[in-house]
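Written out below as structure tokens is the structure these notes cover.
The values are calculated or read from the model by the stated rules, or taken from the named source; none is laboratory data. Because the structure is predicted, anything quoted here is derived from the model rather than measured. Methodologically, a virtual Cβ is constructed for each residue, glycine included, from the backbone with ideal geometry; neighbour enumeration extends over all protein chains shown. To get the accessible areas, we keep the full protein, side chains included, count just its heavy atoms, and leave off ligands, DNA and RNA. Shrake-Rupley method; radii C 1.70, N 1.55, O 1.52, S 1.80 Å.
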Amino acid sequence: MRLFFPSLIVLSQLCFVPCFSSATPEDAPSHFDSGAHAFASHLAHTHDATLDFFWTTGVTLSDNPSYAPDAHVYVGGTPAYGAKFFPYVASLLEHTPAHLRVRFVCDGRTQEANRAALDEVSGAFGTRFEIINIEDVVARLHDVFPEKREVLGAVFDNATRGNPAIASDIYRLIGMYFGHAPADLSTPIQRTYCDVDTFIHAMDASGYEKLIEALFGVSSLSNDNLFDDALNKLRAANEDAFMMWRNNTGNSLIKMRLGQKDVHHVWCQDVVLNRIDPTQDWLLGRTKLHDAIRAFETCDDADKEDLFYKALGHDKAEPKDVIDGTGPGFTDGGPHMVMSLNYPDTCTWAWSGVQGLKAGKPVMTFVADRSLAESFIGWDFKYSCEVYTDVVNAALQAKRFGVLHPFTQYALDYLKNNNPYTANRDSLRALIWDDYEVSGDGYSPEKWQRDRFLALTWGPRDVSKLHPHYLHLKSVLEKLGAPFEELREEELSPLSAEEKLALNVRLTGEDS
């Protein structure tokens, strides 16, 4: 089965709204009411359907309250989604037939932080709304796949000690049936997973009917752009045994029709678990970082510097590592997977706080002569930015343990004193003017300096993927509450002879 490489995923920025405790049924859009007939119509083909949501924090907190961890856990990754999720679930259950159940898989911290909202929905809908601890799901998966305990451990450790997106990715493939009590398969059942942000975004959208159809309806066995008679015959033969559907660019919604668990078991083993290497750094990295942050709570002061810098090396995963490793790039169309669903989609990337720094425009795009990136000064500035990004990433993870956590404080102190646009400004300026000597023909020094300043610090409004490194860094530091010293155009003037000498000494240790 060939791998699928996803196209560009659009990021969504959402504003603050009140938490669920202040929400009312009126907060849910009228689309649930107007979609009631569509819900019933699309669910008429099955006697047993679930809609599964998955939310874990990736963090196991210390018992020390002095670290001041955030008491809120926003299901969906933003305050806006956190406020809407439970009212939307209640509206869904209110407007759907009784044979649909909603299952909310979560960790203990999510459950505790949202206990009032969970109790409210449970009280209103009883067994139609199930709250399931991720530990119970993992225990069942260990029983079903005993020879894959190492893989399951590496994946699902991320639910409470790492990157929850990894655990969620695999849950939606193997956990919707095997992670729960066995269901009656005398006739096929339907299981659907949907990302929280996609569910809310799509129900708010004008195309919400497409979401209802994708979540619950009978979907095609063919891809519109795929004319393969042999494959279509295999899919037709598999339809009542085991089939899955997803979007052709993402896995935010996955729907399963299941009638024979043995067929699904073979697929889970061969197509999913056998293809995951449990030793990969991208899979283990954030779990190792999580444990290093926790170790900072009890280590001696003399050991903190060494532990801090070692911790930076753990979580080196790029967003693409996760996308291809367990996410939408992991499974493609085949005899048991059809990529034909169409619905309004979004992605908050709640799991990847430095995606702009790692997946946005590279650090050195402000230089015209790309060979300068390999020079002493180019390496110095680029390396300082890369280390700084590693610290930003670690700080984002540590802040979830509390703003006063010792690792958080250590990381914030580093960020305050080592911003590459200030601490390594001499290298930045030298790069700009070495570049001018090679590439600046036709520019006056004043125009070159102005253009370089804009190339470093300006990006088109509301198109964050085109923003330079400087703006991505600024936005992440604001999210952290860390200071960001703005760069001024006049600070990019050419180095004096004395400054050039000092830079050379710093980089080479030799006077020239």
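Per-structure values
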read-out	value
Qualifying residue in region 452-473 (condition: of a type in the set (Asp, Glu), at pLDDT 90 or above and either open to solvent by 80 Å² or more (accessible area, probe 1.4 Å) or not in a helix (DSSP H, G or I) (or both))	no
Residue under evaluation ALA230, criteria (1) in contact with an Asp or Glu (Cβ under 7 Å, 6 or more places away or on another chain); (2) farther than 22 Å from ILE134 by Cβ; (3) not basic (Lys, Arg), criterion not met	(1)
Elements of type helices (runs of 4 or more DSSP H) contained in region 183-271, each with 3 or more residues being modelled with pLDDT under 95 and of a type outside the set (A, V, I, L, M)	229-238
Residues of region 47-94 satisfying the condition of being at pLDDT 95 or above, out of contact with any strand residue (DSSP E or B) (no Cβ under 8 Å at 6 or more places or on another chain) and among the charged types (D, E, K, R)	LYS84, GLU94
Filter result (surrounded by fewer than 21 Cβ atoms within 10 Å (Cβ to Cβ), in contact with a helix residue (DSSP H, G or I) (Cβ under 8 Å, 6 or more places away or on another chain) and under 11 Å from TRP245 (Cβ atoms)) within region 338-349	ASN342
In region 351-378, residue least open to solvent (accessible area, probe 1.4 Å) [restricted to those that are touching a residue at least 12 places away in the same chain (Cβ under 8 Å) and polar (S, T, N, Q)]	SER352
In region 79-132, the residues that are touching a helix residue (DSSP H, G or I) at 6+ places or on another chain (Cβ under 8 Å), among the β-branched types (Val, Ile, Thr) and open to solvent by less than 30 Å² (accessible area, probe 1.4 Å)	VAL89, THR96, VAL102, VAL105, VAL121
Test for VAL403: is it surrounded by fewer than 22 Cβ atoms within 10 Å (Cβ to Cβ), hydrophobic (A, V, I, L, M, F, W, C) and over 30 Å from ALA202 (Cβ atoms)	yes
Qualifying residue in region 410-421 (condition: part of a loop (DSSP other than H, G, I, E, B), under 29 Å from ARG294 (Cβ atoms) and among the polar types (S, T, N, Q))	yes
Failed item in (1) free of Cβ contacts under 8 Å to residues at least 60 places away in the same chain; (2) acidic (Asp, Glu); (3) buried (at least 18 other Cβ atoms within 10 Å of the Cβ), with ASP63 passing the rest	(3)
Qualifying positions in region 503-512 - open to solvent by 60 Å² or more (accessible area, probe 1.4 Å) and closer than 15 Å to ASN424 by Cβ	ARG506
Unmet criterion (only one of (1) assigned to a helix (DSSP H, G or I); (2) farther than 20 Å from ARG400 by Cβ; (3) open to solvent by less than 10 Å² (accessible area, probe 1.4 Å)) for VAL138	(3)
Complete set of residues in region 180-233 that are open to solvent by 40 Å² or more (accessible area, probe 1.4 Å) and of a type in the set (Val, Ile, Thr)	THR187, VAL218
From VAL73, VAL105, residue being within 24 Å of the chain's Cα centre (by Cα), part of a loop (DSSP other than H, G, I, E, B) and either in contact (Cβ under 8 Å) with a residue 12 or more places away in the chain or at negative phi (or both)	VAL73
Tally, over region 304-335, of residues that are closer than 16 Å to GLN397 by Cβ, among the hydrophobic types (A, V, I, L, M, F, W, C), modelled with pLDDT of 90 or more and open to solvent by 10 Å² or more (accessible area, probe 1.4 Å)	2
Test for PHE39: is it of a type in the set (A, V, I, L, M, F, W, C) and modelled with pLDDT under 95	no
Residue in region 371-378 that is within 16 Å of the chain's Cα centre (by Cα) and part of a helix (DSSP H, G or I) present	no
Residue that is farthest from ALA395 (Cα to Cα) [pool: residues in region 144-162 that are assigned to a loop (DSSP other than H, G, I, E, B) and open to solvent by less than 10 Å² (accessible area, probe 1.4 Å)]	PHE145
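Yes/no per residue for (1) open to solvent by 10 Å² or more (accessible area, probe 1.4 Å); (2) under 29 Å from ASP301 (Cα atoms); (3) modelled with pLDDT of 95 or more:
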| residue | (1), (2), (3) |
| --- | --- |
| PHE381 | no, no, yes |
| VAL391 | no, yes, yes |
| ALA395 | no, yes, yes |
| PHE407 | no, yes, yes |
| ASN418 | yes, yes, yes |
| ARG425 | yes, no, yes |
| ASP435 | no, no, yes |
| VAL438 | yes, no, no |
| LYS447 | yes, no, yes |
